[in-house]
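Everything below concerns the one structure shown next.
The values are calculated or read from the model by the stated rules, or taken from the named source; none is laboratory data. Everything quoted here is computed from the prediction, not taken from an experiment. Here Cβ is always computed from backbone atoms with ideal geometry, including for glycine, and neighbour counts include all displayed protein chains.
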Amino acid sequence: MKRGFEKVSRYPAEDVKLPQRATEHSAGYDFYAPEDFVVRSIWKMNFIKVLAAIRSGQKLAPDDLQVQRAQKALKPFLVPTGVKAYMGPDEYLLLADRSSAPLKRGLVLPNGIGVIDSDYYNNEGNEGEIFVQLLNFSLFDQVIKKGEKIGQGIFMPYLKADTEETPQAKRAGGFGSSGK
């Protein structure tokens, strides 16, 4: 087995659809939602008051309760996939927006791409389940229905620098754990 996808155990098997390429020459594997999920519009959240305050010239501090609420509101939603990916040690899975999602629904990956490292597979923090980060810039909440496409992934090789010292750290958890 070189690379591929498996279902995670927290969902009934029939609720999870493994990623698939849509056409013979598609680079990306489409990921599907294993359950209904609501991605709230950023315009309905608590940061509008902070924008108004900034525009009117008010000085705001990072520890201001209103600013903290605004920061929390602007965090992306982690949409589950019910899927984990296995691959070679010199590969990663690049997650990307579906090309139609920003245009038709206002849904975007806030960091542009996602990177799933090979050692994310079967990690003890979340079994290696892949989540798609999404922000909703449309005026209305977006309901993602079970079975709907939510993103795409492309397996990619990577190169190491000649002078690199081999990292000794081992992955200690799930989402975002390699940066600790």
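Going through region 116-143 one residue at a time, which ones are among the small types (Gly, Ala, Ser) and either at pLDDT below 95 or assigned to a loop (DSSP other than H, G, I, E, B) (or both)? Once the filter is applied, which keeps residues that are among the small types (Gly, Ala, Ser) and either at pLDDT below 95 or assigned to a loop (DSSP other than H, G, I, E, B) (or both), region 116-143 yields Gly125, Gly128, Ser138.
Here Ser41 qualifies as among the hydroxyl-bearing types (Ser, Thr, Tyr) and more than 19 Å from Gln152 (Cβ to Cβ).
Just one of (1) of a type in the set (D, E, K, R); (2) loosely packed, with under 13 Cβ neighbours inside 10 Å; (3) modelled with pLDDT of 90 or more; (4) within 24 Å of Ala22 (Cβ to Cβ) fails for Asp162. It is (4).
Pick from region 82-115 the residues that are of a type in the set (Lys, Arg) and outside any loop (DSSP other than H, G, I, E, B): which of them is nearest to Asp15 (Cα to Cα)? Looking at the filtered set, the residue picked out is Lys84.
If you go through region 64-81 one residue at a time, do you hit one that is in contact with a Ser or Thr (Cβ under 7 Å, 6 or more places away or on another chain), part of a loop (DSSP other than H, G, I, E, B) and crowded, with 16+ Cβ neighbours inside 10 Å? Checked against the condition, which is being in contact with a Ser or Thr (Cβ under 7 Å, 6 or more places away or on another chain), part of a loop (DSSP other than H, G, I, E, B) and crowded, with 16+ Cβ neighbours inside 10 Å, region 64-81 yields no hits at all.
Whether a residue is in a strand (DSSP E or B) and either touching a Lys or Arg at 6+ places or on another chain (Cβ under 9 Å) or without any contact (Cβ under 8 Å) to a residue 24 or more places away in the chain (or both) was assessed, and Lys59 does not pass this test. Listed by first and then second residue, the pairs with beta-carbon distance under 6 Å, at least 6 apart or on different chains, first residue in region 142-153 and among the β-branched types (Val, Ile, Thr), second surrounded by fewer than 19 Cβ atoms within 10 Å (Cβ to Cβ) and at pLDDT 95 or above, are Val143/Val38. Beta carbons closer than 9 Å, at least 6 apart along the sequence or on distinct chains, pair a first residue in region 114-140 that is without any contact (Cβ under 8 Å) to a residue 40 or more places away in the chain with a second that is of a type in the set (Val, Ile, Thr) for Gly114/Ile130; Gly114/Val132; Ile116/Ile130. Scanning region 43-60 for residues that are buried (at least 19 other Cβ atoms within 10 Å of the Cβ) and touching a Phe, Trp or Tyr at 6+ places or on another chain (Cβ under 9 Å) turns up nothing. Filtering region 118-142 to residues that are over 25 Å from Lys84 (Cβ atoms) and surrounded by fewer than 18 Cβ atoms within 10 Å (Cβ to Cβ) leaves Phe137, Ser138, Leu139, Phe140, Asp141.
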